[in-house]
Amino acid sequence: MSTESMMERLRRANPVTDAPAGDHGDLFTRIIALPGDHRLAESPPSRRTRPRRRIVAVAIVVGVAALLASTAFAISQLIGGDVVPPPVTQQEYLDAQKQLVLPPGASWPKLIIPEPNSVTNRGGGGGHAVITAMTAWECYWADAIRKGDEAAGQRAHDALDSLLAKHVYEAPVGASENWAPSPMPPTPFLVFAHDGGLQWKRAAYEQAAAGHPGNLIQSCRVNR
Amino acid sequence: MTNPLDGVGAEERFRSVFSYLGAVAAYARRRGNKDPDALAADVMTIAWRRLADVPVDDPRPWLFATARNLVHADARRARPAVAAPEPAATAVDPVELDPQLDAALRSLSRADREALLLVAWEDLTPSQAARSLGINPTAFRVRLLRARRRLRAKLDDASTGRRCEPKTNLDMETT
């Protein structure tokens with residue numbers, strides 16, 4: 001057999017010869033209702049009015065990552081010590097694990113900060129733990145729904161409500177992405193931008209509790 | 001390369017990416033994913049969130065790379081911690097192929113198999129397939145050449161009665 005005829009045989013064996021067609025307008029609408037890529041500043045004005053879910057998360061190393069250690073020190077002095085080096089963030093993450101509960105079977109992933117000479121907003125380690133716990137409980141809930149385990153589903157719903165109530169804040173309108181509650185909470189916290197993202201989460205949980213878990217499942221799959 | 005549509009708007013830009021939803025679902029189905037439509041929706045969600053990274057002029061390599069990562073992650077989650085020996089055609093491969101070709105494909109490495117399938121089933125050019133795998137086109141052409149030779153040898157062996165030893169299931173490579 002020649003190589004060409006072998007490739008032709010392989011092409012003919014394609015188990016899905018046509019891309020499935022269909023009207024996916026609803027999916028398109030649901031996706032673009034989510035927060036988009038903030039790097040694209042040229043979104044049309046109408047997009048700005050849509051609800052966007054953008055986790056500001058102090059956990060994210062916004063704009064100041066990859067600074068050299070000396071620069072980090074200078075920056076921290078400059079802006080009042082609100083940024084911390086990786087060991088502090090790691091410790092915040094570990095401390096938060098003692099205050100947060102993961103669902104059965106879940107474990108805390110290692111927090112990897114690739115740049116040793118980077119800085120993170122203070123509280124970022126705790127924020128990372130909160131979003132990790134939220135995602136773990138969302139996935140646990142989605143799994144419970146798939147298995148028809150109502151008790152596990154209720155437990156996940158309660159855990160997520162508790163996280164929202166005790167560990168999640170929404171930044172005021174127009175606040176910067178570095179906004180943090182003042183005074184700094186003693187417990188780990190996560191900040192959502194004032195852009196509808198937090199409402200999207202709450203609505204997803206309410207919909208899941210009412211038997212419509214689509215957004216919950218999507219949130220689990222995309223964030224885990 | 002990534003942004004020839006500056007000024008057009010994110011939504012319009014995403015619309016052209018979203019037009020490949022069916023192609024992504026087909027990719028997932030060909031790779032044996034249990035829920036290809038959901039996976040394709042996830043790929044599009046990620047594409048929306050990282051739209052600046054998606055090459056507008058040719059999004060398929062990027063979309064297939066993302067789909068590959070998700071297929072692989074799904075397969076890893078579905079795999080038990082201590083895997084019992086399974087027949088070759090289980091776990092991540094519900095697609096049905098000609099048994100001889102199926103056995104020959106399974107006996108290849110995942111890297112070889114994906115190189116062949118990106119070209120034969122996804123209809124990518126070698127340059128596109130190279131982008132999807134994150135390797136340079138020359139390296140891809142070499143990989144493809146070797147993969148074709150190996151597959152042909154396996155098929156020749158099979159037709160002369162020698163047995164192909166399955167190496168892995170049709171799961172994904174992690175390049």
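When you check A:A13 against the structure, is it more than 14 Å from chain B (Cβ to nearest Cβ) and at pLDDT 75 or above, yes or no?
So A:A13 fails the test.
What are the residues in the range A:128-185 that are touching a Phe, Trp or Tyr at 6+ places or on another chain (Cβ under 9 Å) and not in a helix (DSSP H, G or I), if any?
Matches in the range A:128-185: A:V168, A:Y169, A:E170, A:A171, A:P172, A:W179, A:A180, A:P181, A:P185.
Before we move on, is A:P35 surrounded by 11 or more Cβ atoms within 10 Å (Cβ to Cβ), at pLDDT below 80 and either more than 22 Å from B:A52 (Cα to Cα) or not aliphatic (A, V, I, L, M) (or both)? Break it down into steps so the answer makes sense when it comes.
Working: surrounded by 11 or more Cβ atoms within 10 Å (Cβ to Cβ): yes; at pLDDT below 80: no; either more than 22 Å from B:A52 (Cα to Cα) or not aliphatic (A, V, I, L, M) (or both): yes.
No; evaluated as a whole, the condition is false for this residue.
Would you check which residues across the range B:35-65 are of a type in the set (F, W, Y) and within 9 Å of chain A (Cβ to nearest Cβ) and list them?
Answer for the range B:35-65, where residues must be of a type in the set (F, W, Y) and within 9 Å of chain A (Cβ to nearest Cβ): just B:W48.
Taking B:G32 and the conditions (1) closer than 18 Å to A:T17 by Cα; (2) modelled with pLDDT of 90 or more; (3) within 11 Å of chain A (Cβ to nearest Cβ), which numbered condition does it fall short on, given that it satisfies the others?
Every condition holds for B:G32 apart from (2).
Could you list, ordered by first residue, the pairs with Cβ atoms under 9 Å in which the first is in the range A:206-222 and closer than 16 Å to B:A47 by Cα and the second is loosely packed, with under 14 Cβ neighbours inside 10 Å and of a type outside the set (G, A, S), at least 6 apart or interchain?
Short answer, once both residue conditions are applied: none.
So that you can scan it fast, the table gives a plain yes or no per residue for (1) among the charged types (D, E, K, R); (2) surrounded by 20 or more Cβ atoms within 10 Å (Cβ to Cβ); (3) at pLDDT below 85:
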{"site": "A:G125", "(1), (2), (3)": "no, yes, no"}
{"site": "A:H128", "(1), (2), (3)": "no, yes, no"}
{"site": "A:W137", "(1), (2), (3)": "no, yes, no"}
{"site": "A:D149", "(1), (2), (3)": "yes, no, no"}
{"site": "A:H157", "(1), (2), (3)": "no, no, no"}
{"site": "A:L160", "(1), (2), (3)": "no, yes, no"}
{"site": "A:E170", "(1), (2), (3)": "yes, no, no"}
{"site": "A:N178", "(1), (2), (3)": "no, no, yes"}
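The values are calculated or read from the model by the stated rules, or taken from the named source; none is laboratory data. Because the structure is a prediction, the values reported are computed rather than measured. Methodologically, a virtual Cβ is constructed for each residue, glycine included, from the backbone with ideal geometry; neighbour enumeration extends over all protein chains shown.
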